[in-house]
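The values are calculated or read from the model by the stated rules, or taken from the named source; none is laboratory data. Note that the structure is predicted; figures quoted are calculated from it, not measured. Don't worry about glycine lacking a Cβ; one is built from the backbone with ideal geometry, like all the others, and counts go over all protein chains shown. Calculation scope for accessible area: heavy atoms of the full protein, side chains included, ligands and nucleic acids excluded. Shrake-Rupley method; radii C 1.70, N 1.55, O 1.52, S 1.80 Å.
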Amino acid sequence: MENPVTVEVTRGKLVESRHRGMAVVVDGDGKVVFSAGEIEAPTFPRSACKAMQALPLVESGAADAYGFGARELALACSSHSGEDEHAALAASMLKRAGRDESVLECGAHWSFEQPALIHQARTLDKPSALHNNCSGKHSGFVCACCHSGWEPKGYSTYDHPLQAEIRAIMEDLTGAALTHDNCGTDGCSIPTYAVPLVGLARGFARMATGKGLEPVRAAASKRLIEACMAEPFYVAGTKRFCTRLMEVAPGRIFAKTGAEGVFCALLPQQGLSFAVKCEDGASRAAESMIAALLARHFDPGSPEREALLAMANHSMRNWNGLHVGDVRVTDVLFS
């Protein structure tokens, strides 16, 4: 089965580029209510599944023991821009567990966001692991280890008790078996597992509704999703797409991107879960895809629907501000 073209990019009057992809929407019972492409194909969720990976932080009692609120929990689920607020909060999380940035195993890099990068280049000799876009998740990992009595060193490896727990959690949520056979290494060095896209969507649906989950897991899932919706800046950053999506309908949209064209989202009040994958890994296409799917579930003419459609279909301008083309979703996603 060939994945359909879901996004086109024009220049002048012609289509210059086409992006193929797969997309799925499931309801609170895990029933597929919309699909396009090979939704059963194994897909690495990458950072889109960070809310799942943050569950041990809450379930273990570490979040409460260290006094974490919505901002800390949102950062634990984040792929942040490395802005000052993000780095400072990650450092604060580690300090509460009696640790510092030297324990982080995510590596260091400059911010991916140009304004933050320029600021860093002007004020720092070099970036630290706190500026890594995954430092919030890794700080949460360290805190979970410290509270659970596990040695944090090696927490990013396949055989560490923390990663074994995360593996079991993701199997419970997605219904997919996670082994060495479908395991890769993520950009921040932790294991990442390829699961069917529909399984990823069902996992988030279970987090949103709590259906089929033990009470502790259901409560922890709800807490993490609500924290992200309450603090979208700490999930991503200034002008980032995840942040902008959640700001369209505060408290009603959860959204999380992953590398290589993956995006997941929730409409918790409606019990709907969304997952998309752009086949060629393009973020611009995944962003348009998820915005279009979300727009379908808001009333015609509503401010939320119009804002989401504007994010799904938008113009491109060159450095002189001239309109040169458009990014637009195809009828496969929205007609």
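Taken as a whole, the structure places residue 76 among residues that are crowded, with 24+ Cβ neighbours inside 10 Å, within 18 Å of the chain's Cα centre (by Cα) and hydrophobic (A, V, I, L, M, F, W, C). Scanning the stretch 271-291 for residues that are outside any loop (DSSP other than H, G, I, E, B) and in contact with a helix residue (DSSP H, G or I) (Cβ under 7 Å, 6 or more places away or on another chain) returns 273, 274, 275, 276, 277, 278, 287, 288, 291. Within the stretch 52-61, not a single residue is among the small types (Gly, Ala, Ser), modelled with pLDDT of 95 or more and assigned to a helix (DSSP H, G or I).
Of everything in the stretch 188-242 that's of a type in the set (Asp, Glu) and open to solvent by 60 Å² or more (accessible area, probe 1.4 Å), which residue is farthest from residue 47 (Cα to Cα)?
Per the stated criteria, the residue is 214.
Filtering 266, 294, 333 for residues that are open to solvent by less than 20 Å² (accessible area, probe 1.4 Å), in a helix (DSSP H, G or I) and touching a residue at least 24 places away in the same chain (Cβ under 8 Å) leaves a single hit, 294.
Does any residue of the stretch 275-285 turn out to be open to solvent by 10 Å² or more (accessible area, probe 1.4 Å), over 30 Å from residue 174 (Cβ atoms), among the aliphatic types (A, V, I, L, M) and at pLDDT 95 or above?
no
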